[in-house]
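Student: Have a look at the structure that comes next, please.
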Amino acid sequence: MTLPTYVRLIEVGPRDGLQNEAQPISVADKVQLVDALTDAGLGYIEVGSFVSPKWVPQMAGSAEVFAQIQRKPGVVYGALAPNMRGFEDAVAAGVKEVAVFAAASEAFSQRNINCSISESLARFVPIIEAAQQHGISVRGYVSCVLGCPYEGQVSAQQVAQVAKELYAMGCYEVSLGDTIGTGTPTATRAMFEAVTAYVPREKLAGHFHDTYGQALVNIYASLQEGIAVFDSSIAGLGGCPYAKGASGNVATEDVLYMLNGMGIETGIDMDKLLLAGEHICNVLGRVTGSRVAKARQG
């Protein structure tokens, strides 16, 4: 299969990245990060999450962030809304696109959200129905598609069934996530081949963690399967909570470098992206997780 000529990158740093940080992050710093990512040319930025601050303290203030960011026409500013309360709060904050999460692993679903996969999917039905009434798009995530911290291997058919359900419910796109980063290119291609029997390729995205250093090769394998949408996180923000000391999300800068080198268009400015990553790392007092940023810093 010929590789895509254009790839859409979904920037998850302000939500998936920052939610794992230990120190509090001000609304002003979150706004600055989102605005910097907008300026760099990202077309989709996951800004925050409408969940109880008791469970995810770093996502407190998401409504204030949405109120203060400089929205650019044509850019999607999304948010995670895992339940009806979160969805209602997102609507009140002027969010035009929300995301819902399911797992491909029963054990992960039970440990993470205290219910079975089928129960979690049933919870999304009223959210998606309400979203359609409000003209709000819904993006679906499936976690643990290439391995689970509790079950080990996850079958590609199980992933396909969950993705099929989300798509049938009304998710316009389903992002398949290697939550613990254990996937390899062969497994990645086999997983996408199983899922595309039920969901069109153009409705799928890849979300790869770099815990075992496999994220970029898995993205390349996905490109070979005709996948043209990938989630990534500025400066590699978001450690993997299931592998102590391990990296989590693949760095947007590193994905962009690879795509640029392959002549694949994204519309993203590398220099501005690097500045955005440098600034948020200074705020957090941490070293960037991007290899490109480290190389450019010398």
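Student: Go through (1) under 17 Å from residue 238 (Cβ atoms); (2) of a type outside the set (Gly, Ala, Ser); (3) crowded, with 19+ Cβ neighbours inside 10 Å and name the single condition residue 95 misses.
Tutor: Tallying (1) under 17 Å from residue 238 (Cβ atoms); (2) of a type outside the set (Gly, Ala, Ser); (3) crowded, with 19+ Cβ neighbours inside 10 Å, residue 95 fails exactly one: (1).
Student: Same structure, new question: Just the residues that are touching a helix residue (DSSP H, G or I) at 6+ places or on another chain (Cβ under 8 Å) and outside any helix (DSSP H, G or I), please, taken from the stretch 19-40.
Tutor: Within the stretch 19-40, 21, 23, 24, 25 meet the criteria.
Student: Assuming residue 67 fulfils every condition listed in (1) crowded, with 18+ Cβ neighbours inside 10 Å; (2) part of a helix (DSSP H, G or I); (3) out of contact with any strand residue (DSSP E or B) (no Cβ under 7 Å at 6 or more places or on another chain) apart from one, which condition is it?
Tutor: (1)
Student: Let me ask something else. Those residues that are closer than 13 Å to residue 89 by Cβ and among the polar types (S, T, N, Q), I need them from the stretch 45-71; list them, please.
Tutor: 49, 52, 62
Student: Of all the residues that make up the stretch 20-56, how many are in contact with a Gly (Cβ under 7 Å, 6 or more places away or on another chain), more than 20 Å from residue 269 (Cβ to Cβ) and either of a type in the set (Ser, Thr, Tyr) or touching a residue at least 60 places away in the same chain (Cβ under 8 Å) (or both)?
Tutor: Residues in the stretch 20-56 being in contact with a Gly (Cβ under 7 Å, 6 or more places away or on another chain), more than 20 Å from residue 269 (Cβ to Cβ) and either of a type in the set (Ser, Thr, Tyr) or touching a residue at least 60 places away in the same chain (Cβ under 8 Å) (or both): 1 in total.
Student: Another one. Would you say residue 79 is modelled with pLDDT of 95 or more and in a helix (DSSP H, G or I)?
Tutor: no
Student: Out of 135, 152, 147, which single residue is closer than 22 Å to residue 232 by Cα, free of Cβ contacts under 8 Å to residues at least 60 places away in the same chain and not aromatic (Phe, Trp, Tyr)?
Tutor: 147
Student: Same structure again: If you go through the stretch 250-286, how many residues are over 18 Å from residue 209 (Cβ atoms) and not in a helix (DSSP H, G or I)?
Tutor: 9
Student: Taking residue 51 as the residue in question, decide whether it is at pLDDT 95 or above, out of contact with any Asp or Glu (no Cβ under 8 Å at 6 or more places or on another chain), of a type in the set (A, V, I, L, M, F, W, C) and not in a helix (DSSP H, G or I).
Tutor: Working: at pLDDT 95 or above: no; out of contact with any Asp or Glu (no Cβ under 8 Å at 6 or more places or on another chain): yes; of a type in the set (A, V, I, L, M, F, W, C): yes; not in a helix (DSSP H, G or I): yes.
Here the answer is no, as residue 51 does not meet what is asked.
Student: For the structure I just gave you, tell me whether residue 45 is part of a helix (DSSP H, G or I) and hydrophobic (A, V, I, L, M, F, W, C).
Tutor: Criteria not met by residue 45.
Student: Select, from 126, 82, the only residue that is closer than 14 Å to residue 48 by Cβ and not hydroxyl-bearing (Ser, Thr, Tyr). Step through it out loud before you land on a result.
Tutor: Numbers: 126 fails: closer than 14 Å to residue 48 by Cβ.
Unique residue meeting the criteria: 82.
Student: Free of Cβ contacts under 8 Å to residues at least 60 places away in the same chain, over 19 Å from residue 155 (Cα atoms) and in a loop (DSSP other than H, G, I, E, B): is that true of residue 226 in this structure?
Tutor: no
Student: A further question follows. With the structure loaded, tell me whether residue 46 is closer than 23 Å to residue 255 by Cα and either hydroxyl-bearing (Ser, Thr, Tyr) or surrounded by fewer than 23 Cβ atoms within 10 Å (Cβ to Cβ) (or both) or whether it fails that test.
Tutor: Criteria not met by residue 46.
Student: Return yes or no: is residue 43 of a type in the set (Gly, Ala, Ser) and at pLDDT 95 or above?
Tutor: When the stated conditions are applied, residue 43 passes them.
The values are calculated or read from the model by the stated rules, or taken from the named source; none is laboratory data. Keep in mind it's a predicted model, so treat the numbers as computed, not measured. Counting neighbours? That spans all protein chains shown, and the Cβs are built from the backbone with ideal geometry, glycine included.
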